[in-house]
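The values are calculated or read from the model by the stated rules, or taken from the named source; none is laboratory data. Keep in mind it's a predicted model, so treat the numbers as computed, not measured. All Cβ positions, glycine included, derive from the backbone under ideal geometry; neighbour counts span all protein chains shown. Quick note on the areas: whole protein, heavy atoms, side chains included, nothing else; ligands and nucleic acids left out. Shrake-Rupley method; radii C 1.70, N 1.55, O 1.52, S 1.80 Å.
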Amino acid sequence: HYWYWKNLLDLNSDNWVGFCQKRRFWSKNKHTEKKLYDSSNISQSILVEPYSEWKDFEVILCEPIKINKVKKIKMIKRGFKSLIKNPSIFFDTSKQSIKFHFDMHHGYKNLEKAISVMCEKDRLEFLHYVENNISYNPHIMVISKKRILNRWFSSLFEWLFECENVHGFDKLKGYDTQRLYAFLGERYLSFWFKKYTIYKENHWRLIE
């Protein structure tokens, strides 16, 4: 994303720009079945060009995922510190928030520390967002017009560079924290685009 922003983003163009992620693609329809794809049939399912009805929107986001159906044993193993602070999380799924999920999987209080260096205009709202929501739009996938992407990248990377002063890189090891900055960006994406743009959600699917 950073490389695209600095090398390819043409603010004179009004075209849509879309980002996917490894094995995750924008889908034309909602799918529940598991299906094998190859070059002969993948175009039937995967979105390759914008819809005309998008003209009323500025941004397309992935349909959200819920993260509050956590297994009890996993909460005990990975969320113990949060449960000690607020035991009701264990029984009340509405309190198994984005922040609780992040603390479990990407380091306790890492999200809170990152938010502490965020710009003032977003800091308190974003903290409220992660503490009170149980779903987010995943995978750092977005389709948008270029001028809006420029605003998004400016805000995102200004924050992430500040986060480097807090988290650095040397102690980020393994799946939980090695990609910490991507996980931070993923949660911020849902909040930022919903706050600042007219958005629509679209289907996506995992294709092995």
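Table for the structure above
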{"read-out": "Point-to-point label distance, I65-L11, nm (Cα→Cβ direction, 7 Å offset)", "value": "3.4 nm"}
{"read-out": "Cα pair distances exceeding 15 angstrom across the range 150-194, given as percent", "value": "45 percent"}
{"read-out": "Alpha carbon centroid spacing (whole Å) that separates the range 130-208 from the range 65-100", "value": "22 Å"}
{"read-out": "Potential extension, K173-R123 segment - 0.36 nm per residue separation minus Cα distance", "value": "15.3 nm"}
{"read-out": "Order by protection proxy (mean Cβ within 10 Å, highest first), peptides 144-153, 42-51, 8-17", "value": "144-153, 42-51, 8-17"}
{"read-out": "R24/F91 FRET efficiency (R0 25 Å; Cβ-Cβ; nearest 0.05)", "value": "0.15"}
{"read-out": "Amide N proximity, the range 189-208 versus D38 label position 7 Å along Cα-to-Cβ, cut-off under 19 Å", "value": "207-208"}
{"read-out": "Whole-Å semi-axes of the ellipsoid equivalent to the range 118-208 (Cα gyration tensor, √5λ, descending)", "value": "22, 18, 14"}
{"read-out": "Portion, in percent, of the accessible area of the chain that falls on carbon or sulfur, probe 1.4 Å", "value": "52 percent"}
{"read-out": "Of the DSSP H helices in the chain, those whose Cα atoms cover at least 15 Å axially and whose Kyte score averages 1.0 or more", "value": "none"}
{"read-out": "DSSP beta bridge pairing in the chain, given as percent antiparallel to the nearest 5", "value": "75 percent"}
{"read-out": "Pairs of alpha carbons in the chain whose separation is greater than 21 Å (percent)", "value": "59 percent"}
{"read-out": "Computed over the range 1-105, Cα set: Rg, Dmax in Å", "value": "19.9, 54"}
{"read-out": "Nearest-10 value in Å² for the accessible area of H105, using the 1.4 Å probe", "value": "40 Å²"}
{"read-out": "Estimated [θ] at 222 nm from DSSP helical runs (n ≥ 4, -39500 (n - 2.57)) normalised by residues in the chain, nearest 500", "value": "-13000 deg cm²/dmol"}
{"read-out": "Furthest towards positive pole of dipole, S144, V117, L127, structure part the range 112-183, Cβ charges", "value": "S144"}
{"read-out": "Sites F80 and E131 - FRET efficiency at Förster radius 25 Å, r taken between beta-carbons, to 0.05", "value": "0.85"}
